[in-house]
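No value in this document is a laboratory result; all are computed from the given coordinates. All values derive from a computational prediction rather than experimental measurement. Don't worry about glycine lacking a Cβ; one is built from the backbone with ideal geometry, like all the others, and counts go over all protein chains shown.
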Amino acid sequence: MNNLPQIPVVGLTWGHASPDLLALPPQDVILGSDVFFEPEDFESILMTVYFLMEKNPMLQFWSTYQVRSADWSLEALLYKWDMKCTHIPLETFGADGGEIAESDLPGRHTVEMLIISLMEAEV
């Protein structure tokens with residue numbers, strides 16, 4: 001409807017090197033929404049992203065992340081995979097903080113925007 005070019009969509013399973021994943025050309029940006037949901041999947045996600053970063057070390061992985069527990073941290077895994085993470089304030093996107101960044105549910109439900117890249121990558 002917006003006269004945009006066709007964009008191929010490839011389904012992946014985090015942590016698995018499927019033929020579709022292996023055939024992907026170098027990417028510049030990966031967008032993810034709340035992919036860091038289950039802590040046991042965190043390393044599979046970062047491993048898959050790392051594989052794609054090997055094709056293009058300048059690749060950035062943009063993802064939202066809902067803070068569910070202080071025990072669920074990406075820090076050790078980022079270090080293991082030689083990655084870094086930049087937190088982007090939601091206010092940057094015009095969010096008022098109350099609608100997008102937080103919820104009325106009991107407990108802490110803060111949403112963060114992350115940009116994950118290789119440690120040595122210079123933008």
- Could you tell me which of rounded, prolate or oblate describes the stretch 27-96, using a ≥ b ≥ c as the square roots of the eigenvalues of the alpha-carbon gyration tensor, with rounded for a/c under 1.5 and, failing that, prolate when a/b is larger than b/c and oblate otherwise? oblate
- Note on the structure: If each K or R counts +1 and each D or E counts -1, the residues other than HIS16 whose Cβ falls under 14 Å of its Cβ total -3
- Rounded to the nearest 0.05, what FRET efficiency do SER73 and LEU21 give with R0 = 25 Å and r taken as the Cβ-Cβ distance? Could you check? 0.45
- Length released on extending from ILE88 to GLU38, taking residue separation times 0.36 nm less the Cα-Cα span: 15.8 nm
- Simple spin-label estimate for GLU112/TRP14, 7 Å along Cα→Cβ, in nm, reads 1.5
